[in-house]
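Here's the structure, in structure tokens; my notes come after.
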Amino acid sequence: MRTASLLGLALAAAALPAAAQTASPASPNTSAETTRSAARTLAPIIVTAWRFGAVPAGAQSLSRAEWANAPQPGEDVFRMVGRLPGVTASDLSSKFYVRGGSNDEMLVRLDGLELVEPFHVKEFEGGALSIVDMDALGGVDLLTGGATAEYGNRLTGVFDMRTATPPRSGARTAVGLSLTNARFLSQGGWGAGRGQWMVSARRGYLDLVLGRVTDTNNGVDKIVPRYGDVMGKVTYRLGASNTVSLHGLYAGDQFHARDNDLLAGTSYGNRYLWANWYASYPQGIEAHTVASAGDLDWDRGGTWDGDHAGETASDVRTLWFAGVRQDWTWAVAGPFTAKLGWDWKRMAASYDYANQRSVTTIDAAGNIRVTRDTVAISADPRGTQAGAYLSAQVRPVRALTLEAGARYDRETWTGDRTWSPRLNAAWAVGSATTLRAAWGTFYQAQAIQGLQVQDGVEQFFPAERAEQRLLGIEHTAAGIDFRAEAYDRKLGSIRPRYVNLDRRLDVFPEVTDDRALLKPAEGDARGVELFAQRSGDAPFRWYASYALAQVRDRYASVGWVPRDVDQRHTLHLGAAYVPNARWRVSTAWEYHSGWPITARTFTSGTDPVTGKAWLRTGFGPLYGERLPAYQRLDARFTRSWDTRRGRGSAFLDVFNLYNHDNRRAYSYSYNVSSTGVTVNREVEKLLPIFPSIGFSWEF
């Protein structure tokens, strides 16, 4: 039994940490050959595309009242934005993709600090749950395009999270319990209101549930994930003009998988420590300084038995960094604002990777050959990342705001030195309508921890490049907000990348027979997004969005090919009924076109020497087929109550209410015998209907 089947055993259970949280507030090389087979009273969360002004295109504003109790697997802020236009997401992962870009093409920040791979249970499409507790957040900004010059080294967007502001006096504590998680949050003030503190902790005990899960294969298959995180901050006001804060974040994971063939174990660690200093000076000058340090580690190990005896894989990596960033803003008297800043970061990574596996090939005469393939790489890259930017915002007339800027970025381990000009404009057409436009170039250097050593790659590649153009319009009428936006993104200098064409889940995807090297010459992404919502304090609230999009790459040998996350049509509809502060009922429905897949091909024959039947597998046109369209309806019911000792809430959340059969991939089973070969294509499904309950208490 392959590991993909073992992971598939736990797909529904993997939704448990995502669906049962208690606190509430989104030339290819494609050939292969083988013969082996609940609402609490918290500060509002705002999801918006821009925090400091109205210049960039793509403003998206949603309040906690609209989203906190929406049906949402995990009550995870990363999953929460999955319903926004321009965002693509999967049932199994908290990772989301902005306008066809990969998740690592988006800058993720928490209180000014850049986070690297901020996910738990990475075996599920890179991360089943984020490491940031949504209860501890006070605001989120999502910028899907048109980023101004202060943001660098990312191709698509910015996801900026801010922790909640604790009370200035007293303390509030909340605890939550659900089917698979326990969580704790406490916050308060001290020093006559000058100081504030907050600490949150979560422990996922999905291991206790899945530790007893076995399949029918002699009861030996097990999958046991264990994870937890702790986050805290202390803030102090040094007079009216200076505020300092100290932050810490730790997240840890362990994952064990066992079946007839494979014994695997993985562990991950994230440790961050950083400080913020906000200062204001006369003449409209403000400064923000961030000093940070952190280290991360990845450790994967596995051994195979049975038909694959002697095959092993070991992957140990680390990342260490320390850096400083400063942002300055000067609001000059009159319609002019200048912004400038710089950042510097020292980084070091280490790689220690090795695998041994058997490779079966069949020559032109039909002879079966079994050879041993070994990959062994050790590397310790070190270097400095630095950047600087300057921009100016001006209002030539009252209704028109323009911003022009540029940034310079340098990475010593790749040798990249890049300039990125940016232009943004906003024109207020009356009091209810705003037109927006943006243009800019964006570069992203390969991360120092981003070598694909598991595929034998030891070199860094030049920075990837994107040129973005955006046009948008916003209008408000009769309490309803409307937005439309069109974008076009040209991609160049795309790095070669290894992918798995079957889209199966596996602890060691690099050793499976569907691994392929893709070498696009260029790419593009374009689309139109429409959004409307009625929110506010009305008992009945709704939203609707539609996106028509395309993302593709061009290969020298086959021309234009859609990417694996190409999602042509996407429709979201949601509604909430809030008759009073005690009850809340909400629903959300989603539809999107099926994702592209690459079909397998099979050729059979007989070894002329041994007489053994053999089966050669290959692949058809790259992403030449599509899965059926996806659809899902979720519902959530929340009941809250107040007592003299605190506030309680409970919820019932039903994921995929009408149990629609959504597909994620196809897998193949085959039997090779002296009489011939039998091949069966099997469906790998996404999550079925899944009800969950949770309870929380705040005092």
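Things to note:
- Mean Cα-pair separation over length for region 285-325, i.e. relative contact order, pairs under 8 Å, 6 or more apart, %: 49
- Our estimate of slack between R534 and E522, defined as 0.36 nm per intervening residue step minus the Cα-Cα distance, is 0.3 nm.
- Annotation for region 447-483: GluC sites (Glu not before Pro) lying in DSSP loop with at most 15 further Cβ atoms inside 10 Å of their Cβ are E458.
- Inter-part distance, region 471-536 to region 99-135, computed on C-alpha centroids, equals 16 Å.
- If R0 is 41 Å, the Cβ-Cβ spacing of A291 and V175 corresponds to a FRET efficiency of close to 0.80.
- Charge dipole (debye, nearest 20) of the chain; +1 at Cβ of Lys and Arg, -1 at Cβ of Asp and Glu: 1880
- Contact order relative to length of region 586-699, as percent, for alpha carbon pairs under 8 angstrom and 6 or more apart: 26
- Whole-Å distance, taken between Cα centres, linking region 589-631 and region 257-300: 39
- The Rg/Rh ratio for region 353-487 is 1.27, where Rg is the radius of gyration of the alpha carbons and Rh is the Kirkwood radius.
- Label selected from (i) 16, 52, 28, 4, 0; (ii) 16, 44, 31, 7, 0; (iii) 15, 41, 28, 13, 3, 0, the criterion being P(r) over Cα pairs in 20 Å bins from 0, in percent as computed here: (i)
- Among the listed pairs K95/K222; K490/K519; K222/K519; K612/K685, those whose Cα-Cα separation exceeds 28 Å are K222/K519; K612/K685.
- Percent accessible area from carbon and sulfur atoms, the chain, protein chains only, probe 1.4 Å: 57
- For region 598-684, applying the loop criterion from DSSP together with a ceiling of 11 other beta carbons within 10 Å to the trypsin sites (Lys or Arg not before Pro) yields R644, R645.
- Reachable aspartates and glutamates, given that their alpha-carbon falls under 19 Å from the alpha-carbon of K233 and they are not under 8 places away in the same chain: D111, E114, D133, D135, D160, D295
- Modelled spin labels at W560 and S350, positioned 7 Å past Cα toward Cβ, are 4.8 nm from each other.
- Average accessible surface area per residue within the chain, 1.4 Å rolling probe, Å²: 40
The values are calculated or read from the model by the stated rules, or taken from the named source; none is laboratory data. Note that the structure is a prediction, hence the values are computed from the model and not measured. Neighbour counts run over all protein chains shown; Cβ positions are idealised from the backbone, glycine included. For the accessible areas, the whole protein counts, side chains as well, though only heavy atoms, and no ligand, DNA or RNA atoms are used. Shrake-Rupley method; radii C 1.70, N 1.55, O 1.52, S 1.80 Å.
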